[in-house]
1. Using DSSP to call loops (not H, G, I, E or B), can you name the GluC sites (Glu not before Pro) in region 224-271 whose Cβ has at most 16 other Cβ atoms within 10 angstrom?
2. Once the other residues with Cβ under 12 Å from the Cβ of D30 are scored (Lys, Arg +1; Asp, Glu -1), what is the net sum?
3. Over the chain, with a Gaussian network built from C-alpha contacts below 10 Å, which listed residue (A189, A239, A27) shows the highest mean-square fluctuation?
4. What per residue convex hull volume, in Å³, do the alpha-carbon atoms of region 2-220 yield?
5. Which percent of the accessible heavy-atom area of the chain goes to carbon and sulfur, probe 1.4 angstrom?
6. Nearest 500 deg cm²/dmol is fine: what mean residue ellipticity at 222 nm does the chain get from its DSSP H runs of n ≥ 4 alone, each adding -39,500 (n - 2.57), divided by its residue count?
7. At 1.4 Å probe size, with every protein chain present, just tell me what the per residue accessible area of region 167-211 comes to in Å².
8. Roll a 1.4 Å probe over the protein heavy atoms and report the accessible area of V106 in Å², nearest 10.
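The values are calculated or read from the model by the stated rules, or taken from the named source; none is laboratory data. In this text the structure is predicted, and so the values were computed from the model without any measurement. Note: ideal-geometry Cβ built from the backbone for every residue, glycine included; neighbour counts use all protein chains shown. These area figures cover heavy atoms from the full protein model, side chains too; ligands, DNA and RNA do not enter into them. Shrake-Rupley method; radii C 1.70, N 1.55, O 1.52, S 1.80 Å.
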Amino acid sequence: MNRLYKTLIYKKQISLSVLETTGLCQAARDVHSLEPRAAAALGQLLTCGAYMAGCFKSEKGAVSVTVKGANGAGSASVSGDVNLHMRGYIDGAAEGRLKGGFMTVVKDDGFFHPFTGACELISDDVSEDMEHYFDVSEQIPTKVRVGALFSGEKCVAAGGVVLQLLPGHEEGALRYAEDKAAQLCNVAADIAELGAEGIVKEYFAEETAGAYTYITEPQYRCNCSREKIAALLATMGRAELEDIIREQGKVSVHCHYCNTDYDFMQEDIDKILK
Ligand SMILES: [Zn+2]
């Protein structure tokens, strides 16, 4: 099950997003055959990425979030577009935790306003790091609760709640968001029990009165293709490609996001360079 619900609450001073990403996180685990802790870390990051992707107004909007742990503590990257087609990978994260180091966010809003933000990782908790990112890099008070619960290879529940304060908000709006975030301290358990729609009804009924925008279904989908890789190879030049063919018999390109190998033989390279 994958869902993103969005609405304005608290006299239109808070943007509320409720995500259910159980299917998305299951797909990410399966593509990469991750052990549960790494799958949970990647799943939480994918959920944050889906939230950001759901904020774009242009059909060309796209976002990527990269986390690099300090001292080789592992790294992860997720990216997605306004259709909530999400993809990601995680590498070498000891115990599935990404501690120390940096988070970098690259956003293209589709209106020619590219944005790059970065912050230090302050915690081994993705929700806390995300809140910190919004605070120091985008300077928007934001409460983030994301969670992903795995049992062996199965994603039991994943998703999150994001409360973002809008410009000109009252002091009370911030207190309200902090209060709700504190109540949602185990959001994966809430997703398992209530689902995303149930969270809207259980926690925000008085604010939404049943009215919310159901945006779309986040899903795991890579946007790589043989044609795109070929176009990339075409920019490399003949000499370099022929060197690789001589040494390895083929040019092999691996997509980290979906674990697909693309092989190009001599005749393929001839066609690309024509
Ligand atoms: Zn791919």
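1. Sparse-neighbourhood loop GluC sites (Glu not before Pro): none present.
2. Its environment carries a net charge of +1.
3. A239
4. 105
5. Using a 1.4 Å probe with all protein chains present, the chain comes out at 50 percent carbon and sulfur.
6. It comes out at -11500 deg cm²/dmol, rounded to the nearest 500.
7. Working: 2430 Å² over 45 residues.
Heavy-atom accessible area per residue stands at 54 Å².
8. Its accessible surface works out to 70 Å², give or take rounding.
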